Amino acid sequence: MVGGALLLIALLASNAQAADGQFPYTRFDTGTLDALFNPPNDVCLQLPGGAAHAGNDTDATAFVYADTGCQQLLAIVGVGGTWDETGPPPLPARSVGFGSG
């Protein structure tokens, strides 16, 4: 039983890890720069104002979505990669997830 408990603790600890770095993005609504810092892995994060452009300066893969619930995948952005909204019609990113998507 102790082995099972240790495995559970290890799994919970690994799920709580964050992507190291930042995810800067240009807000779709205002054109200003915003960013997420050390975002948690395997969590759907909303992008306030939407994103027209984003860069993945974290150590994890970013999954960029058109909706706020991380259901409509727009792009998979690797470490060091960028994403740009391409229209028409304009379709900003509304959420992002890191890690396994």
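The values are calculated or read from the model by the stated rules, or taken from the named source; none is laboratory data. Since the structure is predicted, the reported quantities are computational estimates derived from the model, not experimental observations. Backbone-built Cβ (ideal geometry, glycine too); neighbour counts: all protein chains shown.
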ALA35 fails exactly one of (1) crowded, with 17+ Cβ neighbours inside 10 Å; (2) among the aliphatic types (A, V, I, L, M); (3) closer than 24 Å to GLN17 by Cα, namely (1)
Hey, can you tell me all the residues within the stretch 45-60 that are within 12 Å of the chain's Cα centre (by Cα) and assigned to a strand (DSSP E or B)? LEU45, GLN46, LEU47, ALA51, ALA54, GLY55, ASP57, THR58
Out of curiosity, is ASN41 farther than 14 Å from PRO90 by Cα, in contact with a Gly (Cβ under 7 Å, 6 or more places away or on another chain), crowded, with 20+ Cβ neighbours inside 10 Å and polar (S, T, N, Q)? no
Flagged in the stretch 28-60 as among the aliphatic types (A, V, I, L, M) and closer than 17 Å to GLY78 by Cβ, in numbering order, are LEU36, ALA51, ALA54, ALA60
Quick test for you: out of VAL64, VAL79, pick the one residue that is at pLDDT 95 or above, within 17 Å of PRO24 (Cβ to Cβ) and surrounded by 14 or more Cβ atoms within 10 Å (Cβ to Cβ). VAL64
